[in-house]
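A.B. asks: Below are the C-alpha cells for one structure; questions will follow.
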2 protein chains.
Amino acid sequence: MADTQMLPPEQQICFALYSASRSMTGRYRTLLAPLGITYPQYLAMLVLWETGSSTVSQLGDRLQLDSGTLSPLLKRLEALGLVTRGRSARDERVVEITLTPAGSDMRRYAPHIAEQICAATGLPMNELVELQSQIAALAQRVRELT
Amino acid sequence: MADTQMLPPEQQICFALYSASRSMTGRYRTLLAPLGITYPQYLAMLVLWETGSSTVSQLGDRLQLDSGTLSPLLKRLEALGLVTRGRSARDERVVEITLTPAGSDMRRYAPHIAEQICAATGLPMNELVELQSQIAALAQRVRELT
DNA sequence: TGAATTTAGGTTGCGCACAACTAAATCGTG
DNA sequence: CACGATTTAGTTGTGCGCAACCTAAATTCA
C-alpha cells in the first residue's frame, strides 16, 4: 500500500473525475447555450426523448438524482415550455413529466451536440467507449457501497 | 461516426464522469464528516498540506476553481479555524492562505481517507493509476479547447 | 510621471446536489 | 376494514461552480 498517503490532488482519481466532469460540463455549457438549457436539464431531456414521458422517480433512477434536485429543475423545463408536469390519475402521488412539441423538436440538435462532445475528447470512438465503460463500472461499484 | 446520435445518458462519457464524480464525492462526504469539511474544502487542504501556504490564485490554478468559488470556501475554512487569510505585504492585491496548527494537525487523517477511497474503487493500485492518468489527460484536452 | 492596462480578489445571482423534513396517497397486515 | 408503514414529490437550507461585474492595487509605457 505504498503511497496513497499524501498524493497531491492532481494524482488522485476523485480529483481527476471531478475536474474532468467540470471540463466536460463546460463544453456542454457552450453547446447548450443556444438551446437555453443546462447540462442536467439536457440529461433529463435525453431520458424524455427516449421515453416520451417519465415520472419524477423514474428520472431520478436514471440520472441518480433526488427530488430535491429534480423538482426545481423540471419546473424550469416546464417554464421553458419543453415539458408538462401533471399528477397521475392512477396514483395521485406520482407526477408525470411529458415532452411538449417544442421539447420533442429540440431532439434535432442532439446529434450535433454528441458529435462535438466526442470530438472534444480527442479520443477515437473505440477508446472512448472503453473509457466510458470503465468509469461507469467504477461509479456503480462506489455507489453500491450502500 | 456510427451512432453518437441518440445514446442514452448511461452510455455517454460525460454522464459517466458526472455520475462517478458524484459517487466518489459522496464517499468523501462520509469520510470527511468527522472532520467537518466538504470535499472541495479537503482539496484546498491537500494543496495547503503540501505548500504550507498559498495565494488564492495559486489554489485556483491547482484546483481549476475561480475566486467566486474559492473566496467563500476559504472564508469557511477560516471560520473553522483551519486557515488564516491575510493580504501580502509585498503586493496588497494578493491574499495569502496559511494553515493554522489545527489545519496542519488535520493532515493526520489524510492517509486513512486516501486508503478508504482507493478501497472503494474496487480496483488494484496499478489499474487505478492508469485510469486516473487517462481521465486527467482527457480533462486537460477538453480544458485546452479554450 | 501620469494615464491606460493588467492583475488579484471579492460580490451577486442562478442553478445544481444533497441532507433533512413535510404532506399526501397507497400498501400490507392483522 | 383499520391503521401503521412505505412510497412519491415537494420544500428548506447549505455549499459549491460559474458567469458577470466590481474595486483596488500594481504594472506598463507614452
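A.B. asks: Going through region B:128-142 one residue at a time, which ones are within 19 Å of B:Y28 (Cβ to Cβ) and open to solvent by less than 30 Å² (accessible area, probe 1.4 Å)?
C.D. replies: Within region B:128-142, B:L128, B:L131, B:Q132, B:I135, B:A139 meet the criteria.
A.B. asks: Hey, another quick one. Return the total of residues in region B:55-93 being closer than 16 Å to B:P40 by Cα and in contact (Cβ under 8 Å) with a residue 24 or more places away in the chain.
C.D. replies: 14
A.B. asks: Give me the pairs, please: first residue somewhere in region B:19-47 and farther than 24 Å from A:Q132 by Cα and at the interface with chain A (Cβ under 7 Å from one of its Cβ atoms), second residue anywhere and within 11 Å of DNA strand D (Cβ to nearest atom) and of a type in the set (F, W, Y), beta-carbon distance under 9 Å, and either six or more positions apart or on two chains.
C.D. replies: If the second residue must be within 11 Å of DNA strand D (Cβ to nearest atom) and of a type in the set (F, W, Y), the pairs left are B:L43/A:F15; B:L43/A:Y18; B:L46/A:F15.
A.B. asks: Quick one: B:T25 ticks every box in (1) surrounded by fewer than 20 Cβ atoms within 10 Å (Cβ to Cβ); (2) farther than 24 Å from B:A120 by Cβ bar one, so which box is it?
C.D. replies: Going through (1) surrounded by fewer than 20 Cβ atoms within 10 Å (Cβ to Cβ); (2) farther than 24 Å from B:A120 by Cβ one by one, B:T25 breaks only (2).
A.B. asks: Here's something else I'd like to know. Any residue that is in contact with a Pro (Cβ under 8 Å, 6 or more places away or on another chain) and open to solvent by 40 Å² or more (accessible area, probe 1.4 Å) - is there at least one of those in region A:40-52?
C.D. replies: Taking every residue of region A:40-52 in turn, at least one turns out to be in contact with a Pro (Cβ under 8 Å, 6 or more places away or on another chain) and open to solvent by 40 Å² or more (accessible area, probe 1.4 Å).
A.B. asks: Write out, first by first residue and then by second, each pair whose Cβ atoms fall under 6 Å of each other, whose residues are 6+ apart or on separate chains, and whose first residue, in region B:119-142, is over 18 Å from A:R22 (Cβ atoms) while the second is not in a helix (DSSP H, G or I).
C.D. replies: So the pair list comes out as B:A120/A:L145.
A.B. asks: How about region B:77-90: which of its residues are surrounded by fewer than 16 Cβ atoms within 10 Å (Cβ to Cβ) and more than 10 Å from DNA strand C (Cβ to nearest atom)?
C.D. replies: Answer for region B:77-90, where residues must be surrounded by fewer than 16 Cβ atoms within 10 Å (Cβ to Cβ) and more than 10 Å from DNA strand C (Cβ to nearest atom): B:A79, B:G81, B:T84, B:A89, B:R90.
A.B. asks: Hey, could you check region B:49-87 for residues that are among the aliphatic types (A, V, I, L, M) and not in a helix (DSSP H, G or I) and say which is nearest to B:D105 (Cα to Cα)?
C.D. replies: Among those that are among the aliphatic types (A, V, I, L, M) and not in a helix (DSSP H, G or I), it is B:L82.
A.B. asks: Okay, next question. Could you say whether any residue in region B:49-69 is away from DNA strand C (no atom under 15 Å from the Cβ) and within 10 Å of chain A (Cβ to nearest Cβ)?
C.D. replies: So far as region B:49-69 goes, yes, one or more of its residues are away from DNA strand C (no atom under 15 Å from the Cβ) and within 10 Å of chain A (Cβ to nearest Cβ).
Every residue, every condition in (1) within 11 Å of DNA strand D (Cβ to nearest atom); (2) among the charged types (D, E, K, R), yes or no:
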{"site": "A:A33", "(1), (2)": "yes, no"}
{"site": "A:P40", "(1), (2)": "no, no"}
{"site": "A:M45", "(1), (2)": "no, no"}
{"site": "A:V56", "(1), (2)": "yes, no"}
{"site": "A:K75", "(1), (2)": "yes, yes"}
{"site": "A:E78", "(1), (2)": "yes, yes"}
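A.B. asks: Then there is this: Only one of (1) over 26 Å from B:L138 (Cβ atoms); (2) in a helix (DSSP H, G or I) is not met by B:I37, so which one is it?
C.D. replies: Unmet for B:I37, out of (1) over 26 Å from B:L138 (Cβ atoms); (2) in a helix (DSSP H, G or I): (2).
A.B. asks: Considering only residues of region B:106-127 that are among the aliphatic types (A, V, I, L, M) and open to solvent by 50 Å² or more (accessible area, probe 1.4 Å), which is farthest from the other protein chains (Cβ to nearest Cβ)?
C.D. replies: So, considering only residues that are among the aliphatic types (A, V, I, L, M) and open to solvent by 50 Å² or more (accessible area, probe 1.4 Å), the one farthest from the other protein chains (Cβ to nearest Cβ) is B:A119.
A.B. asks: If you don't mind, there's one more thing I want to ask. Can you tell me which of B:R90, B:R85 is more than 30 Å from A:Q132 (Cβ to Cβ) and at pLDDT below 95?
C.D. replies: Exactly one of B:R90, B:R85 is more than 30 Å from A:Q132 (Cβ to Cβ) and at pLDDT below 95, namely B:R90.
The values are calculated or read from the model by the stated rules, or taken from the named source; none is laboratory data. Note that the structure is a prediction, hence the values are computed from the model and not measured. Please note: Cβ atoms are built from the backbone with ideal geometry, for glycine as well, and neighbour counts cover all protein chains shown. The area values use the complete protein model at the heavy-atom level, side chains included, leaving out ligands, DNA and RNA. Shrake-Rupley method; radii C 1.70, N 1.55, O 1.52, S 1.80 Å.
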